[in-house]
Amino acid sequence: MQVYLIRHAQSENNILSEENIHRRKVDPALTEMGYRQRDILADFLARANKPDERFELSHLYTSAMYRSLLTAQPLGVGLNLQPQVWPDLHENGGMFQRQNGRTSGFNGMTRSAIQSEFPDYGLPDSVSESGWYDAELGMEPETHSLFRAIKVAKALRERGHVDDVIALVSHAGFLDILLKAIFDQLPSRPHTMRYYHNNTAITRINYQGSRPVLHYMNRVEHLPPEMRSF
């Protein structure tokens, strides 16, 4: 099995500085450049035809956060795949906002809202008319994020013996801990280093049975230099 880890395109929050971080959105859309990045990514995945790299994807999964849903949209069209929403792929911290010293949680997009804007997406039963995130968590505790990463890594390992070629569209923070979970660095060593991904960066892992092998990470050669962002 091959797994491609892909970070979403540039979001509205990605361009905020310390001076205007108060404008942070709970569930931001993409920037104008982000929309261009996702289209270039989709074209690259659909047209790549190198002897050692043909993206013959069989499954496409995305987090339920808006920036990830938007990034997966042209990928599904270009690759003729139905994006499947996998809520456990959401960013560390979840759906939260800090205002006036208080932290509030939000439920995320409802099932009908996702179906209205992304009618071709597959949704699990856990995405309901109440949303998909447990707002009572507020900002997701780190232990909860680590548990999700270990859970996703376990699901991938259990599929390691099949011939699937999977793409996961997720987030910088979660991809960091997911890689650590895949290579058994969790839960004991979450902060020893960071595996960083630029916007729309691609990381490839091959599974030899249940054994993961890292082929490369954070590749962004599909983007021109002026469109590479953090």
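The values are calculated or read from the model by the stated rules, or taken from the named source; none is laboratory data. Remember, predicted model here, so these are calculated numbers, not experimental data. Note: ideal-geometry Cβ built from the backbone for every residue, glycine included; neighbour counts use all protein chains shown. These accessible areas exclude ligands, DNA and RNA; they are computed on the full protein's heavy atoms, side chains included. Shrake-Rupley method; radii C 1.70, N 1.55, O 1.52, S 1.80 Å.
Overview of results
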| quantity | calculated |
| --- | --- |
| DSSP beta bridges in the stretch 1-155 [antiparallel fraction, %, rounded to 5] | 70 |
| Size of electric dipole in the chain: Cβ of Lys, Arg +1 and of Asp, Glu -1, about Cα centre, debye, nearest 20 | 480 |
| Å² of accessible area per residue within the stretch 121-230, as computed with a 1.4 Å probe and no ligands counted | 48 |
| Selection from G122, H222, Y207 lying farthest towards where the dipole of the stretch 115-230 points positive, charges on Cβ | Y207 |
| Of all accessible heavy-atom area on the stretch 81-230, the percent that carbon and sulfur account for (1.4 Å) | 49 |
| Efficiency of FRET from Cβ geometry, H161 and H59, R₀ 22 Å, rounded to 0.05 | 0.90 |
| Fully extended contour minus Cα-Cα distance, from N100 to D134, at 0.36 nm per residue | 10.1 nm |
| Filtered trypsin sites (Lys or Arg not before Pro), the stretch 48-116: DSSP coil and at most 15 other beta carbons within 10 Å | R54 |
| Mean projection area, nm², convex hull over Cα of the stretch 1-106 | 7.9 |
| Exposed-loop-free span, longest in the chain, where GluC sites (Glu not before Pro) count as exposed if DSSP calls them loop and at most 15 other C-beta atoms lie within 10 Å | 130-220 |
| Calculated FRET efficiency for the pair M217/K25, C-beta based, R₀ 22 Å, to 0.05 | 0.20 |
| Residue among L41, L186, L30 with the largest mean-square fluctuation in a Gaussian network model of the chain, springs linking Cα atoms under 10 Å | L186 |
| The stretch 99-230 shape via C-alpha gyration tensor axes, a/c threshold 1.5 | rounded |
| Positive-end residue, the chain charge dipole about Cα centroid, Cβ charges, pick of N80, H197, N20 | H197 |
| Paramagnetic reach from R47 (point 7 Å along Cα→Cβ, amide N under 18 Å) across the stretch 215-230 | 220-228 |
| Estimated dipole of the stretch 113-185 in Debye, rounded to 20 [Cβ of Lys and Arg +1, of Asp and Glu -1, Cα centre] | 340 |
| Charge dipole (debye, nearest 20) of the stretch 1-122; +1 at Cβ of Lys and Arg, -1 at Cβ of Asp and Glu | 260 |
